[in-house]
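The block underneath contains the structure these notes are about, expressed in structure tokens.
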Amino acid sequence: MGRLQDKVAVITGGNSGVGAATAVLFAKEGAKVVISARRKAKLDEVAAQIQAAGGEVLAVATDISKPEDADNLIAKAIEAYGKVDILVNNAGVLEEGLKPIDRVSTEDMDRIIDTNTKGTMYCMRAASSKMAEVGSGSIVNVASVAGVVGNGGAAYVASKSAIVGVTRHTALRFAGTGIRCNAVCPGTIVTPMVAAMNPANLDPDMMGQMAKHGDLKIQPCMASDVANIILFLASDESRAITGQAIVSDFGSSL
């Protein structure tokens, strides 16, 4: 307890899954938590859970694919708590059918990259400029094992590979300044977003290729598994770590 005492943490996609688990965990560890997502009703449910446990939380409806929304999110956090110590970029979307490069639609590319890649970068840009003013901060991006080994739909893989790249860029940009940036790259996670996928829509060729390069018998991650890694990277315990992309999939992609 108290690993994030008096820290202010902004968490995108805080309405469910990894984002909600991270917000609850951070609050238990003493952080003031600012959670965001497009759906305010779901955000309020998570906020109520945190408050009931004695935590401090602010819910801000945000569409991170809009740069003005990302700017507003960071501004609201500073208005409420005076600073941003931690940014967790967790918000993201999946494509419907894991379409490979020869079948991916332009609409999927635009929707997924606008949110997963550009939205993450908008939040990083807004938060890092504020962190630079005080010379400290930790940014943790939730990428995916798909962005490391390519096992997913083309648009999703591209969006998450870009997050790994911009994580390393940001770490290099701020190396030695007190600002760190790392990424977590989960494998399959048991979350509502993944559970809602319709198996009938999955591209059979892509699924067949992915099955050759992963051990499907190994257990998937739970949201709490990923939240624990994010907590470590956000905390001062990992102060010597920056520019790293940590795969968390129980070894299924080895």
- request: Could you grab the pairs with beta carbons closer than 8 Å, sequence gap of 6+ or different chains, first residue in the range 40-64 and closer than 15 Å to residue 22 by Cα, second one surrounded by 17 or more Cβ atoms within 10 Å (Cβ to Cβ) and among the aromatic types (Phe, Trp, Tyr)?
  value: 58/81
- request: Scan the range 219-239 for residues that are of a type in the set (D, E, K, R) and in a loop (DSSP other than H, G, I, E, B) and report the count.
  value: 1
task: Evaluate the following for residue 138: is it of a type in the set (Ser, Thr, Tyr), free of Cβ contacts under 8 Å to residues at least 60 places away in the same chain and within 30 Å of residue 175 (Cβ to Cβ)?
output: no
- line: Among 103, 168, the single one that is assigned to a loop (DSSP other than H, G, I, E, B) and among the basic types (Lys, Arg) is 103
field: Of the criteria (1) outside any helix (DSSP H, G or I); (2) open to solvent by 20 Å² or more (accessible area, probe 1.4 Å); (3) not small (Gly, Ala, Ser), which one residue 109 fails
entry: (1)
task: From the list 46, 33, 24, pick out the single residue that is farther than 24 Å from residue 129 by Cα, surrounded by 24 or more Cβ atoms within 10 Å (Cβ to Cβ) and not aromatic (Phe, Trp, Tyr).
output: 46
Test for residue 65: is it polar (S, T, N, Q) and over 22 Å from residue 7 (Cα atoms): yes
task: From 90, 72, grab the single residue that is at pLDDT 95 or above, over 16 Å from the mean Cα position of the chain (by Cα), closer than 19 Å to residue 43 by Cα and open to solvent by 20 Å² or more (accessible area, probe 1.4 Å).
output: 72
- line: If we ask which residues in the range 25-42 are under 16 Å from the mean Cα position of the chain (by Cα) and under 23 Å from residue 233 (Cβ atoms), their number turns out to be 7
- request: Identify all residues within the range 90-124 that are of a type in the set (Asp, Glu) and without any contact (Cβ under 8 Å) to a residue 60 or more places away in the chain; write none if there are none.
  value: 102, 107, 108, 110, 114
task: Tell me the strands (runs of 3 or more DSSP E) entirely within the range 28-89 that contain at least 1 residues that are more than 22 Å from residue 141 (Cα to Cα).
output: 56-61
task: Could you list all residues from the range 181-196 that are farther than 26 Å from residue 168 by Cβ and either in a strand (DSSP E or B) or at pLDDT 55 or above (or both)?
output: 190
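The values are calculated or read from the model by the stated rules, or taken from the named source; none is laboratory data. Computed from a predicted model, the values in this text were never measured in an experiment. Virtual Cβ from ideal backbone geometry, glycine too; neighbours counted across all protein chains shown. We work out accessible area using only protein heavy atoms, side chains counted, and drop any ligands, DNA or RNA first. Shrake-Rupley method; radii C 1.70, N 1.55, O 1.52, S 1.80 Å.
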